[in-house]
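Down below is the structure, laid out as structure tokens.
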Amino acid sequence: MASIVVRRSKIAGSVRCPSSKSYTHRALAVASLAPGQSTITNALLARDTLATLACCRAFGAEIESRREGRAVQVRGRRNFDPPGNVLNCENSGTTIRIMTAMSGLASKGYVVLTGDESLRRRPMQPILDALSQLGVEAHSARENGTPPLIVKGGGIKGGSALIDGSISSQFISGLLIAGVYANTEILLKIKGDLVSKPYVKATLATMENFGVKVDHDENMLEYRIRNAEYRPASFDVPSDFSTAALILAAGALAGEKLKVKGLNFGLPQGDSQIVEIMSAMGCTIKEDRQKGEVVVQGAERLEGGEFNLGDTPDLLPVVSILALKSTSPVKITGVAHARVKETDRVANIAKEISKLGAKVEEFHDGLLINAPKKLKNASLEAYEDHRLFMAFSIAAMMTDKSVVAGAESVDVSYPNFVQDMKLLGARLAPMPSRE
């Protein structure tokens, strides 16, 4: 496992934000179901999205991608046979949840889906149960609700389905995307609260770009998915506010003046809420929606507060490291579903930032964090979780010298993270070999 040494840093300058991982997943899936030629520009070609691309190819979509220019040409199809091999969804929860729903559309046979060790621990039972209600045989190979999964083709019959919304909105996104091609219309109802609601809005916006609109109630707890056909279209992937949030946090914690460019405020992204959160914590931060830029000033100290991140769980690592510079406690709530992300982010963040000297109280759906007067040097473990690696690397910039393990994980969402941080002035270096 690759580790980096991080020394106290002072960063400044500007950086262009990478494209959205969430929108790239959705655009690839929907374009693959749109008969004809579609073009996706500014796509993020990272490990997670390349897994979705590979699965769409396996379903029969013809896809040409160029890393240079990040343009992807997709010739989609409405009908497809089961893939000739197992679908490897790598580390991507979004991939396996969308592809599980799409697997029900295969004309015949069976589709088998799996992923890496982390993905094979992630819960899938809600979407398996929902597909069963819609006439699709789908089950966990180990009968424990986790991958590998086996889905029988033959089409999605339709009807009504009730699904638990408290674990992941990705289940709903998958059913929305594939449900358009069910034999009859689908009435999808959400049981309990729907977490990560902005991600469902992103799915609906992507579908609408390809010509399909889904009616839903005001609270987004009931959806009427009518039969329709996706139309080929052009889709420009917006920048990723989940990643921008981490960069902006670096500017506040270890920066002088940092500008994040290339942002797009035109499509729904819940993590754009980071601007308001950082402002509430006392950051000097300013957004220019017309230019697509956010500028943040470095802060000597920040203010505490309570933040419910139920709709924006990817902000948990960001707010947690911002808390390390706060003069009063920071309480984060609403993130029980972050325990079933790539890792148990609630528990792992609590453990690792405690090594830096923070006093952390962990509870079921969040954390209470009290910052130390001075951060300790530490050896931090990212648990092969890309967002934790980036967050801990930023936090380590406030220490004299720390080590962060898990550098290889960033290719999931931000392959140039270390390079971009170094260009801004961060003092990051590979861990010297012991040989």
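The values are calculated or read from the model by the stated rules, or taken from the named source; none is laboratory data. If you're wondering where the values come from, they're calculated on a predicted model, not measured in any experiment. Virtual Cβ from ideal backbone geometry, glycine too; neighbours counted across all protein chains shown. Ligands, DNA and RNA are stripped out before the accessible areas are found, and what is left, the full protein with its side chains, is counted by its heavy atoms. Shrake-Rupley method; radii C 1.70, N 1.55, O 1.52, S 1.80 Å.
Observations, loosely collected:
- DSSP-defined beta bridges in the chain - what % are antiparallel, rounded to 5: 65
- Sequence-separation-based contact order of the chain, relative, with Cα cut under 8 Å and 6+ spacing, percent: 19
- Counting heavy atoms of the protein chains alone, LYS108 has an accessible area of about 130 Å² for a 1.4 Å probe.
- A compact globular protein would have a Cα radius of gyration near 2.2 N^0.38 Å; the ratio found for the chain is 0.96.
- Partners for LYS291 among lysines (Cα-Cα distance below 21 Å; same-chain residues under 8 apart left out): LYS257, LYS259, LYS261
- DSSP bridge pairs, the stretch 1-122: antiparallel proportion in percent, nearest 5: 75
- With DNA, RNA and ligands ignored, accessible area of THR327 (1.4 Å probe; Å², nearest 10): 100
- Computed over the alpha carbons of the stretch 298-353, Rg followed by Dmax gives 11.3, 34 Å.
- When +1 charges are put on Lys and Arg Cβ atoms and -1 charges on Asp and Glu Cβ atoms, the dipole computed for the stretch 65-168 relative to its Cα centre reaches about 440 debye.
- Rounded, prolate or oblate (a/c below 1.5 giving rounded, otherwise prolate when a/b exceeds b/c) for the stretch 12-150 by Cα gyration tensor: oblate
- Accessible surface, the chain, averaged per residue in Å² (probe 1.4 Å): 39
- With both residues required to sit in the stretch 342-434, DSSP beta bridges show an antiparallel share near 60%.
- Mean Cβ neighbour count within 10 Å, used as a protection proxy, ranking 112-121, 412-421, 198-207, 97-106 highest first: 97-106, 198-207, 412-421, 112-121
- Dimensionless Rg over Rh [the stretch 122-195; C-alpha; Kirkwood]: 0.94
- Anisotropy class assigned to the stretch 259-322 is oblate, per the alpha carbon gyration tensor with a/c at or over the 1.5 cut-off and a/b no larger than b/c.
- Mean projection of the Cα convex hull over all viewing directions, computed for the stretch 99-250: 10.2 nm².
- Cα-Cα P(r), the stretch 376-435, percent of pairs per 5 Å interval: 4, 19, 29, 29, 15, 4, 0
- Highest-first packing order for the peptide set 361-369, 173-181 is 173-181, 361-369, based on the mean count of other beta carbon atoms within 10 Å.
- Based on the reciprocal of the average 1/r between different C-alpha atoms, the Kirkwood radius for the stretch 1-78 equals 14.0 Å.
- Inter-centroid distance (Cα atoms) of the stretch 369-435 relative to the stretch 308-331, Å: 18
- With helices as the sole contributors, the chain gives -8500 deg cm²/dmol at 222 nm; each DSSP H run of n ≥ 4 counts as -39500 (n - 2.57), and the sum is divided by every residue.
- Efficiency of FRET from Cβ geometry, ARG77 and LYS189, R₀ 35 Å, rounded to 0.05: 0.70
- Length gained on full extension, ASN144 to GLU256: 35.3 nm, using 0.36 nm per residue less the C-alpha separation.
- Mean sequence separation of contacting Cα pairs (under 8 Å, at least six apart), scaled by the length of the stretch 1-63, corresponds to a relative contact order of 35 percent.
- Longest to shortest principal axis, alpha-carbon extents of the stretch 94-153, angstrom: 30, 20, 18
- Fully extended contour minus Cα-Cα distance, from ALA205 to ARG226, at 0.36 nm per residue: 6.0 nm
- Label point distance in nm, GLU408-ASN370, each placed 7 Å from Cα along Cα→Cβ: 4.0
- Candidate aspartates and glutamates - alpha carbon under 20 Å from LYS374, same-chain residues fewer than 8 apart omitted: GLU256, GLU300, GLU303, GLU352, GLU361, ASP400
- Most to least packed among 25-36, 337-348, 85-96 [average Cβ atoms within 10 Å]: 25-36, 85-96, 337-348
- Compared with the dominant Cα axis of the chain, that is its longest principal axis, helix 241-254 is turned about 0°.
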